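Asks: Take this structure first; my questions come after.
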Amino acid sequence: MADIKLTLVVACALVDADKRVLIAQRPEGKALAGLWEFPGGKVEPGERPEQTLIRELREEIGIDVSEPCLAPLTFASHAYDSFHLLMPLYICRRWEGMVVAREGQQLAWVRANRLRDYPMPPADIPLIPHLIDLLM
Ligand code: C5P
C-alpha cells in the first residue's frame, strides 16, 4: 500500500449575533484559489489545534480568541490526490477585536443555509449540513 501523507488543518466557524458564519476567499497564488473556506490553517509541529486556530485567527482576521471559546463541532476527512486532509471544525461565538481582512482576502458573513452559494473546497462542503443543523 502506498504511503498516505496526512495533512492536519484546523478550521473555525465564527458565528455572529445574527447566527451568520464567517468565510474567507482563498487568495490568488494559493491552492484552490478563489474558493471560500472557514478561516484556519495548517497545524504546525509542536502546536495543539486550538493554538493553531488562535494564531491563525489573529494573523488572518485580527481577532483574539481564548481557548475556552473554541468548541469542536465536527471534522472533515477528505482524500486529495497527493495527501489526505483531516480538518477539525470548531465553533466560536465570542472573540475580542474587529474582524478585518489582514491578508487582503475577501470575507463574507453568511447564513448557514446560504453557504452552498459560495464555492468551497471539496473537503469543506460536507461540513455545511452540520452548521445548518446547529444554526438554522
Ligand atoms: O490553507 P493551506 O493551503 O495551508 O491548506 C493546505 C491544504 O488543505 C490546501 O491546499 C487545501 O487542499 C486543503 N484545505 C481545504 N479546506 C480548507 C483549508 C485547506 O481543503 N478549509
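Asks: Report the full-extension gain for the segment E96 to S66: residue separation times 0.36 nm, less the Cα-Cα distance, to one decimal in nm.
Replies: Between E96 and S66, full extension yields an extra 9.9 nm.
Asks: I would also like to ask the following. Taking the 0 to 90 degree range and rounding to the nearest ten, how far is the long axis of helix 49-61 tilted relative to the main principal axis of the chain, both from C-alpha atoms?
Replies: Approximately 60 degrees, to the nearest ten.
Asks: Cut-off under 18 Å on the C-alpha distance; same-chain residues fewer than 8 positions from K5 excluded. Which aspartates and glutamates are left, in chain and number order?
Replies: E44, D81
Asks: In nm, to one decimal, how far is the modelled label at D133 from the one at R55, with both set 7 Å along Cα→Cβ?
Replies: Here the modelled spin labels are 3.1 nm apart.
Asks: For H78 and L6 in one chain, what is 0.36 nm times their gap in residues minus the Cα-Cα distance, to one decimal in nm?
Replies: Taking 0.36 nm per residue and subtracting the Cα distance, the gain is 24.9 nm.
Asks: Sticking with this structure for a sec: Please report the antiparallel percentage of the DSSP beta bridges confined to the chain, to the nearest 5.
Replies: Among the beta bridges of the chain, antiparallel pairing accounts for roughly 75 percent.
Asks: Please compute the length gained on full extension between E47 and I125, using 0.36 nm multiplied by the number of residues separating them and subtracting their Cα-Cα distance.
Replies: Difference between extended and current length: 25.5 nm.
Asks: Expressed as a rounded percentage, what relative contact order does the chain have, with Cα pairs under 8 Å and six or more residues apart?
Replies: The value is 31 percent.
Asks: Under a Cβ-Cβ cut-off of 11 Å, what is the net charge of the residues other than E44 that fall near it, where Lys and Arg count +1 and Asp and Glu count -1?
Replies: Working: positive: K42, R48, R55; negative: E47, E56.
Summing Lys/Arg as +1 and Asp/Glu as -1 gives +1.
Taken together, the values in this text are just the output of simple stated rules run on the coordinates, not laboratory data. Keep in mind that what you see is a predicted model, and the values were worked out from it rather than measured. Every residue, glycine as well, gets a Cβ built from its backbone with ideal geometry; the counts of neighbours run over all protein chains shown.
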